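The values are calculated or read from the model by the stated rules, or taken from the named source; none is laboratory data. Bear in mind that the values here come from a model prediction, so they are computed numbers and not experimental data. Methodologically, a virtual Cβ is constructed for each residue, glycine included, from the backbone with ideal geometry; neighbour enumeration extends over all protein chains shown.
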């Protein structure tokens, strides 16, 4: 019998809290169960696929949260203004939710419509920003990959303390955004 008040959403919320505090690798069923005051086997009543299902759901949650945040940030903006707003929102989310952010990095399984939809929501905002640069079709896909790689690369290096030189990270991030804007403005077709 599932514990009263415990449902899949509550389990994933607790997983997010744990992963964001201690890192995605620290998220185990035993720790999650302890956080929720239940035994690990009890979690299967809410997340039947075990730890893999928890991580999958956490990634979906993260993609949806980030998609909503960047959509709000980009609304009513175009080109550099939209790109900058998305980039800053992306970085802020990765900093505030490092475990959840890590869970959403893998490409979704094509046979998982919920995960595919969540990923499309996020990527859709980036495609909308790129539309302001006149990019579409295959070129837009290449550009999405470039933008995602640049933003993810920066926030990942920052998280892992890969930047040790005594120069402003804020200025460096602004340079990344400026370079993306320049590259997108002069995109080779």
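Which residue, of 153, 124, 183, 132, is surrounded by 12 or more Cβ atoms within 10 Å (Cβ to Cβ), more than 20 Å from residue 72 (Cα to Cα) and touching a residue at least 24 places away in the same chain (Cβ under 8 Å)? Step through it out loud before you land on a result.
Details: 153 fails: touching a residue at least 24 places away in the same chain (Cβ under 8 Å); 124 fails: more than 20 Å from residue 72 (Cα to Cα); 132 fails: more than 20 Å from residue 72 (Cα to Cα).
The match here is 183.
Residue 28 passes all but one of (1) without any contact (Cβ under 8 Å) to a residue 60 or more places away in the chain; (2) touching a helix residue (DSSP H, G or I) at 6+ places or on another chain (Cβ under 8 Å); (3) over 24 Å from residue 109 (Cα atoms); (4) surrounded by fewer than 16 Cβ atoms within 10 Å (Cβ to Cβ); which number fails?
(3)
Among the candidates 55, 64, which residue alone is surrounded by fewer than 21 Cβ atoms within 10 Å (Cβ to Cβ) and within 28 Å of residue 113 (Cβ to Cβ)?
On the way: 55 fails: surrounded by fewer than 21 Cβ atoms within 10 Å (Cβ to Cβ).
Residue meeting the stated conditions: 64.
Let me confirm something: among 161, 174, 136, which residue is closer than 18 Å to residue 82 by Cβ and at pLDDT below 95? Write out each step before concluding.
Numbers: 161 fails: closer than 18 Å to residue 82 by Cβ; 174 fails: at pLDDT below 95.
Matching residue, one of 161, 174, 136: 136.
From the list 158, 114, 174, 121, exactly one residue is farther than 23 Å from residue 65 by Cα and in a helix (DSSP H, G or I). Which is it?
One residue alone meets the criteria, 174.
For region 31-49, give me each residue that is without any contact (Cβ under 8 Å) to a residue 12 or more places away in the chain, within 25 Å of the chain's Cα centre (by Cα) and surrounded by 13 or more Cβ atoms within 10 Å (Cβ to Cβ).
Scanning region 31-49 gives a single hit, 33.
Can you name the residue in region 156-173 that is surrounded by 11 or more Cβ atoms within 10 Å (Cβ to Cβ) and within 20 Å of the chain's Cα centre (by Cα) and is also farthest from residue 21 (Cα to Cα) among such residues?
173
Could you check how many residues of region 22-49 are at pLDDT 90 or above and under 20 Å from residue 118 (Cβ atoms)?
2
Just give me the residues in region 68-85 being in contact (Cβ under 8 Å) with a residue 60 or more places away in the chain and in contact with a helix residue (DSSP H, G or I) (Cβ under 6 Å, 6 or more places away or on another chain), in sequence order.
Initially, region 68-85 is screened for residues in contact (Cβ under 8 Å) with a residue 60 or more places away in the chain, giving 79-80, 83-84.
Residues satisfying the conditions are 80, 83, 84.
What is the number of the single condition among (1) within 12 Å of the chain's Cα centre (by Cα); (2) under 21 Å from residue 20 (Cβ atoms); (3) loosely packed, with under 13 Cβ neighbours inside 10 Å that residue 107 does not meet?
Here residue 107 meets the rest and fails (2).
Determine, yes or no, whether residue 98 is under 23 Å from residue 146 (Cα atoms), modelled with pLDDT under 95 and buried (at least 19 other Cβ atoms within 10 Å of the Cβ). Working first, answer last.
Working: under 23 Å from residue 146 (Cα atoms): yes; modelled with pLDDT under 95: no; buried (at least 19 other Cβ atoms within 10 Å of the Cβ): yes.
For residue 98, the condition - under 23 Å from residue 146 (Cα atoms), modelled with pLDDT under 95 and buried (at least 19 other Cβ atoms within 10 Å of the Cβ) - is not met.
Here is a check on your reading of the model: is residue 19 surrounded by 15 or more Cβ atoms within 10 Å (Cβ to Cβ), over 20 Å from residue 112 (Cα atoms) and under 18 Å from the mean Cα position of the chain (by Cα)? Before the answer, list the steps.
Values: surrounded by 15 or more Cβ atoms within 10 Å (Cβ to Cβ): yes; over 20 Å from residue 112 (Cα atoms): yes; under 18 Å from the mean Cα position of the chain (by Cα): yes.
Yes: the conditions hold for residue 19.
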